[in-house]
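First up is the structure itself, then whatever we jot down about it.
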Amino acid sequence: MSLQNSRGRLLGLSRELTRNWQDTQNIWRDQKAREFDQTYMQPLFESCDNAIAAMEDLDKLLTKLRNGCEIEE
């Protein structure tokens, strides 16, 4: 699986998780839900966003390296 495919998969799964979490928040609305969101979900979403951005940057760098070194795939 290529880096670009992995990035796309992570992005899709992250969006799906976000939708599912929003649906859950419509039902689970107490203090424990807010604590869970702050403790687990928001850091997870932030980590996913950071990983997706890093994968995009890495893909751009690898493309430059391939073009600069004329590596054939």
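Restricting the trypsin sites (Lys or Arg not before Pro) of the chain to loop positions (DSSP other than H, G, I, E, B) with no more than 13 neighbouring Cβ atoms within 10 Å leaves R29. With Cα atoms as the point set, the radius of gyration and Dmax of the chain evaluate to 17.3, 57 Å. Taking other C-beta atoms within 10 Å as the exposure proxy, L62, L13 rank L13, L62 from fewest upward.
Rounded to the nearest Hz, the phi-derived 3J(HN,Hα) couplings of the stretch 27-39 under the Karplus curve 6.51 cos²θ - 1.76 cosθ + 1.60 (θ = phi - 60°) are 9, 9, 10, 9, 4, 5, 5, 5, 5, 4, 4, 5, 7, where x marks glycine and proline.
With r defined as the distance between the Cβ atoms of L61 and R15 and R0 fixed at 22 Å, what FRET efficiency is calculated, to the nearest 0.05?
Details: r = 25 Å, r/R0 = 1.13.
About 0.30, to the nearest 0.05.
A simple spin-label model places the labels of S6 and Y40 2.6 nm from each other, with each point 7 Å out along Cα-to-Cβ. Counting other Cβ atoms within 10 Å as a rough exposure proxy, the listed residues S47, S14 run S47, S14 from fewest neighbours to most. Each stretch of four or more DSSP H residues adds -39500 (n - 2.57); spread over every residue of the chain, this sum gives -28000 deg cm²/dmol at 222 nm.
Values in this text are rule-based calculations from the coordinates and carry no lab data. Please read all numbers here as calculations on a predicted model, not as lab measurements. Positions of Cβ are generated from backbone atoms using ideal geometry, with glycine treated the same way; all protein chains shown enter the neighbour counts.
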